[in-house]
Amino acid sequence: MPKPNLPKDTSVSDSRHQPSVHRRATRLGVLSLGVLAFGAFPAAVAASAASLVPATTAVLPDAAVTTPPALATPASTPPSSSVPAASASEGWKPPVVTVVAAARNRLTPVYQTATATKPFASLDNRKNFSGRHVFLVLAQEGNAYKVQIPMRPNGRTGYVKAGDVTLYQHDYAMFVDLSEHTLIVYKGGKEIQREVVAVGTAKYPTPTGSFFLRELAKPGNPRGAYGPWAFGLSAYSNVLQTFGRGDGQIGIHGTNQPGALGTNASHGCIRMKNASITKLAQTLPQGVPIDIVP
């Protein structure tokens, strides 16, 4: 996807989309049985954590944009507490283009409406493993963008001001069928990777809905329970409000128990083969939409 010609005052260098590497081991909190806690750090894994890395390590976003295309309709599937209709990948069509808003500054105010002057939240880049927060752009209203935000309740939306973010677009998408224990990755609307995964148990189910890849972390022990890489999603457990001193954020990560793949085995996270999560970590940018269906 070629980059458009951008005015000098709004153009974005590659370094804008290449967050700096973080090495604060105390930021990586991983739950012992499946849910990633991107917050305080359980002592059991504190000694093994080594570094945090950007989600765009190998592949940068396909193109920077100044005006999102076709924002009369959502850039991807509208967020919801559940995804109706499709119960298998054959009944679901991936978005071909997704527009992402990346934070320009350390703090990004989020507003209830496009014209609000007082934010209801302010997201801090220091609390994102990839070094900056991103949001899925759903629509444009004046000088603000309606976006999906990584906050409870799942599928929550808000508005960010155009001056606080930089837009880029990509053509990746992901789909997870919980009943089939299948994760599929698309590029340009075409399937490029399919994996058998482990998902949440009946007691601690993986939430369904439309989410996105929020951040990417590198556990210190690549042979541990979480494998070499862990994506943090914008999704949160609907059962666990807190877990392991974390906030119940859901992730996609590797595993040291490949025999459990294809079963309901976690507290909500999606587990996959270590080789497969490594491939995704080297391929996917932040802000990839992921739909999870029952």
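The values are calculated or read from the model by the stated rules, or taken from the named source; none is laboratory data. Every value quoted in this text rests on a predicted model; they were computed, and no experiment measured them. Here Cβ is always computed from backbone atoms with ideal geometry, including for glycine, and neighbour counts include all displayed protein chains. Only protein heavy atoms, including side chains, enter the accessible area calculation; ligands, DNA and RNA are left aside. Shrake-Rupley method; radii C 1.70, N 1.55, O 1.52, S 1.80 Å.
Miscellaneous remarks
- Residue 194 meets each of the listed conditions (1) under 15 Å from the mean Cα position of the chain (by Cα); (2) of a type in the set (D, E, K, R); (3) surrounded by fewer than 17 Cβ atoms within 10 Å (Cβ to Cβ) apart from (1).
- All conditions but one from (1) closer than 25 Å to residue 242 by Cβ; (2) touching a His at 6+ places or on another chain (Cβ under 9 Å) apply to residue 211; the one that does not is (2).
- Residue in the stretch 232-248 that is farthest from the chain's Cα centre (by Cα), counting only those that are crowded, with 23+ Cβ neighbours inside 10 Å and closer than 15 Å to residue 292 by Cα: 237
Results for (1) touching a residue at least 40 places away in the same chain (Cβ under 8 Å); (2) within 14 Å of residue 212 (Cβ to Cβ), shown as yes or no for each residue.
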{"site": "108", "(1), (2)": "yes, no"}
{"site": "118", "(1), (2)": "no, no"}
{"site": "122", "(1), (2)": "no, no"}
{"site": "148", "(1), (2)": "yes, yes"}
{"site": "166", "(1), (2)": "yes, no"}
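- Search result, residues across the stretch 280-294 that are closer than 15 Å to residue 209 by Cα and either open to solvent by 10 Å² or more (accessible area, probe 1.4 Å) or in a strand (DSSP E or B) (or both): 289, 290, 291, 292, 293, 294
- Considering residues of the stretch 207-221 that are within 24 Å of residue 153 (Cα to Cα) and open to solvent by 10 Å² or more (accessible area, probe 1.4 Å) only, the residue nearest to the chain's Cα centre (by Cα): 214
- Every residue from the stretch 112-130 that is open to solvent by less than 20 Å² (accessible area, probe 1.4 Å) and either modelled with pLDDT under 95 or assigned to a loop (DSSP other than H, G, I, E, B) (or both): 114, 128, 129, 130
- Within the stretch 263-279, the residues that satisfy the criterion of being open to solvent by less than 30 Å² (accessible area, probe 1.4 Å) and among the β-branched types (Val, Ile, Thr) are 270, 277.
- Screening residue 260 against (1) surrounded by fewer than 17 Cβ atoms within 10 Å (Cβ to Cβ); (2) within 13 Å of the chain's Cα centre (by Cα) leaves a single unmet condition, (2).
- Residue selected from the stretch 131-167 under the condition in contact with a Lys or Arg (Cβ under 8 Å, 6 or more places away or on another chain) and β-branched (Val, Ile, Thr), by the criterion nearest to residue 235 (Cα to Cα): 149
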